[in-house]
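**Q** Below: one structure in structure tokens.
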Amino acid sequence: MKQDYSYVGKSVDRNDSYGKTTGHAQYTADLKFPGMLYGKLIRSTIAHGRIKSIDTSEAEKLNGVKAIITAKDVPSMKWGLSPARFDENIFCIDKVRYHGDKIGAVCAVDEETVYKALKLIKVEYEELPAVFTWQDAAKEGAPQIFEEYPGNLNTEIHHHFGDVDAALKDAYYVRTDKFQGQRTYHAFIENHASAAYWDGDRAFLYSSCQSVHYVQYHLCRVLGMKMGNLTVRQTNVGAGFGGKLDPTGLDFAAVILSKITGQPVKMWYDHAETFLNGRGRHPMTMELTTGVDKNGKILAHKFDCVLEGGAYTGLGIASSYYAGSLLGVLYLIDNYKFDCRRYVTNLPPCGAQRGHGQPQPRFAFEHHIDLVGEAIGVDPIDMRLINARKGNSITTAGYEVKSYNLVGANKMARDASGWTEKRGKMGVGRGIGVGNGGFVTGAGFCQYRTDYPHSVGMVKIFDDGTRAYVYSNAVDIGQGSDTVLMQMAAEAMGYPYERCQMVTGDTDLSTLDFGAYASRQTLMAGWAVKRAGAEVKKKVLAKACEMLKASGRIKEGFGYLDGPLTPEDLDCVEGIVFVKQEPAVKLTFEEVARKYFVDHGVLLGRGWYHPGKLGGNHKGAAVGTSPAYSSATQVAEVQVDMETGQIECVDTWDVHDSGTIINPKLFHGQVHGAFYMGVGETIWEEVKFDKKTGKLLNGNFAEYRLPTALDMPPVESLTLDDSYEPNGPYGLKEVGEGATTPTMGAVANAIYDAMGVSMTELPITYEKVWRALRDKKASGK
Amino acid sequence: MYLPDFEYYAPDSIAEACQLLSQFGAKAKVLAGGTDMVVKMKNELLAPEVVVSVKNLEQLKKIEYVAGKGVCVGALCTHNDLVKSDVLKERYPSVANAARQMANNQVRNRGTVGGNISNAVPSADLPPIFIALNATAKLVGTKGERTVAMEDLFTGPGKTVMAQDELIAEVFIPDQKMTGSNYIKFGLRKSGALAVVGVAVAVQVENGVIKDARVALGAVAATPVRAKKTEEFLKGKNATDDVLAEAGVIASGECKPISDIRASAEYRTDLVRIFTKRALRKAVDEGHV
Ligand SMILES: Cc1cc2nc3c(=O)[nH]c(=O)nc-3n(C[C@H](O)[C@H](O)[C@H](O)COP(=O)(O)OP(=O)(O)OC[C@H]3O[C@@H](n4cnc5c(N)ncnc54)[C@H](O)[C@@H]3O)c2cc1C
């Protein structure tokens, strides 16, 4: 299947590297418009309560304050990301549901005045008792956060495939383990920001988001606007990791405030507010039971999972489904029972974060399966090899899996890491562990109900052929999607990559794409621009054929031609159109394109993509079904200080089964970044709240400790040569999220190998390790 | 996240600076690198009406050896000045090494010795090593100069014996008989983390016998503290692993840590034991002060 490509498979430079490395790149907060006002949100200072009154009179008197809005000034329609659970208002109407909830917004002539005005606004509350853990939320008589969710139960899932109980009864060995995950935060560097202005009845919004389409859709729905009347645009986006998929209060407020004042309004969050906006990883409480035969083959698996959801649903339903839906893709499990509950609590809402609902369940399962293997004397990698799915198969839940080489990934990681010589043989304090993962390459369905294609692309060739504009509203949030989309479009057209330019981040000018989530863009937008490029090429070859014939350079029946010259006799590569049988007979793409423009006007190519009907019929099948699945194995080696509990991750290996790699440099960047996030969540990161008030305690990067460059181990990122995905353009599949899913398990397993105590609660902090070692010593084992 | 309004002065002499501090009294604050103060001001924890920047006081930016006396470190030296100083590398590498473990490169380029001391947080990294090396601080005020032992400077979290009109001008590390010193900082990641525990030691070892020892602990009490019982215990003992381990146990009994968002008191107490032992081992073995 491997072909010689001009751009696909090449580490071409990113299109944004110059701007970003020199500081020229503009982000939303850099934007300035004449007469622009500055705005911020008014936030709740209690965790749960009824709003009795909001007194803005003092603030309104402050010189420079232009407008203050609260719930009474804005539409009351609820929004969210899961149609079944729209439960969020632009501003709280009757109740606040967490410390930091959105009460209103202020705009003024400058930043300083906004902050001063915020201090003058007085909100009176009738405080209600609050709950900060799902355990408290689930108690009899617990305070009700929403009327719609009795007992604070936000969603419930019960999937049952096969006959788990019977299979467990027959198993050679059965084991149950419990795990606890923590709340983490995306920690993107660019905080949310929005800027809006109006022109007549048309609004224009710049939003630092992961999907211009969803922001446009949700805002129009709530504000009662036609989508053609609201343009959503973007500058560069300083990452998202799932935290910029939901529209924010800033998006709504900027549009409304600029309408009221008649002036452009820019709004932004500082870091603490971005923490309060939340939508990060759900803490999950997990119980896993597995029955195996004596070789370690899984006969049945039971997974019980509870998600602590925070105040609103957001993407939380999808997070809940993702917690259980992909296990059956990785491993062959005929009998599988997944029970899941998500509770609302009085904390910022949780949502999607790289790997979505999957990383904590991956951590739990990958550690659990090591404990199972240990009990029956099977090596961790052998446990995985015995149970790994193979390609061209259908999961128990009905998902179709085409390319899938988890077996190859495990073997390669085993050999590269020196596993056999190291595992269990490095002495006390040093350990090596393995974890598997993978992800969907795009979701099978839009987040709201529509029959639209998921990605639409277009290529327009400039009049004289000297530039190709590639259109797609796929969002480059730093992962480099613009670059790989242009590589694919350039390849399909046979046009130089260096002369391509993205037209993106604009719902007016560019073409529909659902955005950056579910690791979908490279495949879905990739198909759209590849098809658009192919259409351009077709037109170019036809025109070139005409030109060559007219030039008299080709004589019918001459040499290799047994009939008249047809476009099929031609090809176009890197901007040169040539006769395949006699490459010396050629034209430049530019001259052909120019002629096309003279004869017909704009040279356009169009493409689109819809995944069609995918596998799975059960309730919730929509979350997990995908045109293609990646798989991955990571091995981590750690050093644990057996006195202090300090953990150092010293080395790692990653093998990602990602199909064709469009841009190796960007691919490895994703793997490094994914491991970085994963190891951070394993050892260091946790969002903390005051246990009595629910107030955020560590909304900054001093106390929310991400690993630093010094904490990051070298990562050897490897690929499988024969990986090719028939459902992906050029045979590709995802890397962005999948690579973060094996990490917690791999690192936790290495820690276990090093210290001999199983750590089941994330993050595995130095102090927890110290405590576990002390307890082990005290118990004399 | 915006700075409150304040009046700003940048005097050219120490006398003028002290004069301003005296004139404006409690309304005024000294500004050095600003890495503590500006952060606090932006977070609304501090709102001085007058800010007196000491950035023009060039004479406070030097690190010098005064022959036969000791090393003089100007209060306006940045942490990276300490890291790069040849004088310190030669005479007190443990001080340069303590500075190297602080914050991150950007903050080390701005944060100053005087700021680190005056700020008086229990977790500050420089005070313990200065205490272990028996350093003193020269304070200058409108009424003149005085010298205070580093260990007597701190009176509580954020509190020192300094008067409102006083500046720290320099830190002086006297020539000494100590043969080795060391500071170990334990933070919750390798960089950009405040100390959960900091242990500084200085020892005088002759023929394997500890003649004298000073042990100072950071982040485990309201101020940096000396572990005097540990010091007494060590005197006259052979520097064996068992002795140093025992010293660790004694030191862990001398600290009074609190539990906070970073670590529990229990954990900190045990870390004092571990790092006292390790810092002593290094100071004994490496044998340079
Ligand atoms: C990201 C980050 C990481 C940090 N990490 C560490 C760390 O690892 N270890 C650590 O110990 N600290 C750390 N700090 C704290 C800080 O950087 C240091 O304490 C630094 O030494 C303060 O010096 P400064 O010159 O910036 O002080 P400033 O902020 O200018 O002043 C601090 C205080 O000292 C007073 N002051 C300053 N100079 C004098 C003087 N000469 N005489 C009298 N009073 C004076 C000021 O009035 C103020 O009250 C960190 C800070 C940040 C922002």
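The values are calculated or read from the model by the stated rules, or taken from the named source; none is laboratory data. Values in this document were obtained by computation on a predicted structure and should not be read as measured data. Virtual Cβ from ideal backbone geometry, glycine too; neighbours counted across all protein chains shown. Just so you know, the surface numbers come from the protein's heavy atoms only, side chains and all, with ligands and any DNA or RNA stripped out. Shrake-Rupley method; radii C 1.70, N 1.55, O 1.52, S 1.80 Å.
**Q** Could we say that residue A:38 is closer than 17 Å to residue A:246 by Cβ and either assigned to a loop (DSSP other than H, G, I, E, B) or of a type outside the set (Lys, Arg) (or both) here?
**A** So residue A:38 fails the test.
**Q** Pull up the stretch B:1-34, narrow it to residues that are open to solvent by 80 Å² or more (accessible area, probe 1.4 Å) and within 14 Å of chain A (Cβ to nearest Cβ), then point me to the one that is nearest to residue A:110 (Cα to Cα).
**A** Filtering the stretch B:1-34 for residues that are open to solvent by 80 Å² or more (accessible area, probe 1.4 Å) and within 14 Å of chain A (Cβ to nearest Cβ), the one nearest to residue A:110 (Cα to Cα) comes out as B:1.
**Q** Let me ask something else. Go through the stretch B:114-148 residue by residue and tally those that are within 14 Å of chain A (Cβ to nearest Cβ) and either near the ligand (Cβ under 6 Å from one of its atoms) or assigned to a helix (DSSP H, G or I) (or both).
**A** 0
**Q** Being in contact with a Gly (Cβ under 9 Å, 6 or more places away or on another chain), modelled with pLDDT of 95 or more, open to solvent by 30 Å² or more (accessible area, probe 1.4 Å) and farther than 29 Å from residue B:265 by Cβ, is that true of even one residue in the stretch B:121-133?
**A** No.
**Q** Would you please list the contacts, defined by Cβ atoms under 8 Å and residues six or more apart or on different chains, that run from a residue in the stretch B:241-261 that is under 25 Å from residue B:285 (Cα atoms) and not assigned by TED's automatic domain parsing to the domain that holds residue B:282 to a residue that is open to solvent by less than 40 Å² (accessible area, probe 1.4 Å) and among the β-branched types (Val, Ile, Thr)?
**A** none
**Q** From the set of residues in the stretch A:685-708 that are of a type in the set (D, E, K, R) and within 14 Å of chain B (Cβ to nearest Cβ), which is surrounded by the most Cβ atoms within 10 Å (Cβ to Cβ)?
**A** A:685
**Q** Then there is this: Given the conditions (1) more than 12 Å from chain B (Cβ to nearest Cβ); (2) out of contact with any Lys or Arg (no Cβ under 7 Å at 6 or more places or on another chain); (3) touching a residue at least 24 places away in the same chain (Cβ under 8 Å); (4) polar (S, T, N, Q), which single one is not true for residue A:765?
**A** In the conditions (1) more than 12 Å from chain B (Cβ to nearest Cβ); (2) out of contact with any Lys or Arg (no Cβ under 7 Å at 6 or more places or on another chain); (3) touching a residue at least 24 places away in the same chain (Cβ under 8 Å); (4) polar (S, T, N, Q), residue A:765 misses (1) alone.
**Q** Going by what's in this entry, would residue A:669 be described as within 14 Å of chain B (Cβ to nearest Cβ), at pLDDT 95 or above and open to solvent by 10 Å² or more (accessible area, probe 1.4 Å)?
**A** When the stated conditions are applied, residue A:669 does not pass them.
**Q** Which of the residues belonging to the stretch A:768-781 are within 14 Å of another protein chain (Cβ to nearest Cβ) and modelled with pLDDT under 95?
**A** A:777, A:778
**Q** Can you spot a residue in the stretch B:58-75 that is more than 14 Å from chain A (Cβ to nearest Cβ), more than 8 Å from the ligand (Cβ to nearest atom) and in a helix (DSSP H, G or I)?
**A** Yes, the stretch B:58-75 has at least one match.
**Q** Which of the residues belonging to the stretch B:225-250 are away from chain A (no Cβ under 14 Å), closer than 17 Å to residue B:182 by Cβ and open to solvent by 10 Å² or more (accessible area, probe 1.4 Å)?
**A** Matches in the stretch B:225-250: B:226, B:239, B:243.
**Q** Does any residue of the stretch B:164-185 turn out to be within 14 Å of another protein chain (Cβ to nearest Cβ) and either within 15 Å of the ligand (Cβ to nearest atom) or under 27 Å from residue B:14 (Cβ atoms) (or both)?
**A** The answer is yes; a qualifying residue exists.
**Q** Now for a separate question. Just to check your reading of the model, which residue among A:609, A:676 is away from chain B (no Cβ under 14 Å), touching a strand residue (DSSP E or B) at 6+ places or on another chain (Cβ under 9 Å) and either of a type in the set (Ser, Thr, Tyr) or surrounded by fewer than 17 Cβ atoms within 10 Å (Cβ to Cβ) (or both)?
**A** A:609
**Q** Do you know which residues across the stretch B:251-268 are more than 14 Å from chain A (Cβ to nearest Cβ) and among the aliphatic types (A, V, I, L, M)?
**A** B:251, B:258
**Q** Still on this structure: With respect to residue B:37, is the statement that it is crowded, with 21+ Cβ neighbours inside 10 Å and either within 14 Å of another protein chain (Cβ to nearest Cβ) or within 7 Å of the ligand (Cβ to nearest atom) (or both) true?
**A** The answer is no for residue B:37.
**Q** Continuing with the same structure: Working carefully through the options A:352, A:364, find the one that is assigned to a helix (DSSP H, G or I) and either under 26 Å from the mean Cα position of the chain (by Cα) or not assigned by TED's automatic domain parsing to the domain that holds residue A:296 (or both).
**A** After applying the criteria, what remains is A:364.
**Q** Something else about it: Of all residues in the stretch A:709-729, count the ones that are surrounded by fewer than 15 Cβ atoms within 10 Å (Cβ to Cβ) and within 14 Å of chain B (Cβ to nearest Cβ).
**A** Within the stretch A:709-729, residues that are surrounded by fewer than 15 Cβ atoms within 10 Å (Cβ to Cβ) and within 14 Å of chain B (Cβ to nearest Cβ) number 2.
**Q** In the stretch B:89-113, how many are more than 10 Å from the ligand (Cβ to nearest atom) and either assigned by TED's automatic domain parsing to the domain that holds residue B:19 or within 15 Å of the chain's Cα centre (by Cα) (or both)?
**A** Counting residues in the stretch B:89-113 that are more than 10 Å from the ligand (Cβ to nearest atom) and either assigned by TED's automatic domain parsing to the domain that holds residue B:19 or within 15 Å of the chain's Cα centre (by Cα) (or both) gives 7.
**Q** Can I ask one more? Does residue A:682 fit the bill of being open to solvent by less than 30 Å² (accessible area, probe 1.4 Å), out of contact with any strand residue (DSSP E or B) (no Cβ under 8 Å at 6 or more places or on another chain), more than 10 Å from chain B (Cβ to nearest Cβ) and among the polar types (S, T, N, Q)?
**A** yes
**Q** Checking residue A:709 against (1) farther than 30 Å from residue A:100 by Cβ; (2) in contact (Cβ under 8 Å) with a residue 60 or more places away in the chain, which single condition isn't satisfied?
**A** Exception for residue A:709: condition (2).
**Q** What are the residues in the stretch A:236-260 that are more than 18 Å from residue A:521 (Cβ to Cβ) and open to solvent by 30 Å² or more (accessible area, probe 1.4 Å), if any?
**A** Answer for the stretch A:236-260, where residues must be more than 18 Å from residue A:521 (Cβ to Cβ) and open to solvent by 30 Å² or more (accessible area, probe 1.4 Å): A:259, A:260.
**Q** What is the one condition in (1) closer than 30 Å to residue A:769 by Cβ; (2) within 16 Å of the ligand (Cβ to nearest atom); (3) open to solvent by less than 40 Å² (accessible area, probe 1.4 Å) that residue B:190 does not satisfy?
**A** Just one mismatch for residue B:190, condition (3).
**Q** In the stretch A:429-453, which residues are in a loop (DSSP other than H, G, I, E, B) and either buried (at least 24 other Cβ atoms within 10 Å of the Cβ) or on the phi > 0 side of the Ramachandran plot (or both)?
**A** A:429, A:438, A:439, A:441, A:442, A:443, listed by residue number.
**Q** For the stretch A:556-648, give me every one of the strands (runs of 3 or more DSSP E) that falls completely inside it and has 1 or more residues that are over 20 Å from residue A:530 (Cα atoms) and not hydrophobic (A, V, I, L, M, F, W, C).
**A** In the stretch A:556-648, the matching strands (runs of 3 or more DSSP E) lie at A:582-588, A:631-640.
**Q** In the stretch A:555-571, is there at least one residue being open to solvent by less than 40 Å² (accessible area, probe 1.4 Å) and touching a His at 6+ places or on another chain (Cβ under 6 Å)?
**A** No, the conditions are met nowhere in the stretch A:555-571.
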